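The block underneath contains the structure these notes are about, expressed in structure tokens.
The values are calculated or read from the model by the stated rules, or taken from the named source; none is laboratory data. This is a predicted model, so every value here is computed, not measured. Neighbour counts run over all protein chains shown; Cβ positions are idealised from the backbone, glycine included.
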Amino acid sequence: MKDQKLGPNDPCWCGSGRKYKKCHQAEDQAKVQGVVVPPKKEAKRDPLILDEDERNGMRKAGAFNAELMDYIREYVKPGITTGEIDQLVHDYT
């Protein structure tokens, strides 16, 4: 629906329920005009501070995921379904 011409009072194409003029109209017009749209600001978060046990748990999880990716890599080929990949991962874990 984004390709259709929307009026300012039409519901926005994103499905927010807001009027197009109050939602994405300015952003869409800037894109059409070739103006670079600045990235949206991310919410500031405090840095994640982990204790030694939590850091060790993260290392262990990372090592396990690396092993899993090494295992599954040989099976991921054109034609395999996500269901088949899910089953392989389930069997591995």
Single residue of G57, G83 found to be of a type in the set (G, A, S), free of Cβ contacts under 8 Å to residues at least 24 places away in the same chain, loosely packed, with under 10 Cβ neighbours inside 10 Å and not assigned by TED's automatic domain parsing to the domain that holds K5: G83
Flag for L68 being outside any helix (DSSP H, G or I) and surrounded by 10 or more Cβ atoms within 10 Å (Cβ to Cβ): no
Some residue of the range 20-40 being of a type in the set (S, T, Y) and not assigned by TED's automatic domain parsing to the domain that holds D10: no
Residue under evaluation R45, criteria (1) part of a loop (DSSP other than H, G, I, E, B); (2) surrounded by fewer than 10 Cβ atoms within 10 Å (Cβ to Cβ); (3) modelled with pLDDT of 85 or more, criterion not met: (3)
